[in-house]
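One structure below.
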Amino acid sequence: GIAVAGSNGVASVIEHLKMELKSAMLLTGAVTLRDLSSKFVKF
């Protein structure tokens, strides 16, 4: 991750976060970030 691989690690972590966000948006039907809200979060 970030501490192990320096700037490459940071880039890798950001890329993984982007992929997770895209997956979440597909699963919820969100087309844009504005489509997301707290209604998609369960505790």
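The values are calculated or read from the model by the stated rules, or taken from the named source; none is laboratory data. Values in this document were obtained by computation on a predicted structure and should not be read as measured data. Glycine also receives a Cβ, built like all others from the backbone with ideal geometry; neighbour counts cover every protein chain displayed.
One residue stands out in the range 3-39 among those that are surrounded by 10 or more Cβ atoms within 10 Å (Cβ to Cβ) and small (G, A, S): the one that is modelled with the lowest pLDDT, namely A5.
Within the range 1-23, the set of residues being in a helix (DSSP H, G or I) and touching a residue at least 12 places away in the same chain (Cβ under 8 Å) comprises just one member, V13. Taken over the range 25-43, the criterion of being without any contact (Cβ under 8 Å) to a residue 12 or more places away in the chain and either in contact with a Pro (Cβ under 9 Å, 6 or more places away or on another chain) or in a helix (DSSP H, G or I) (or both) is satisfied by M25, L26, L27, L33, R34, D35, S38, K39.
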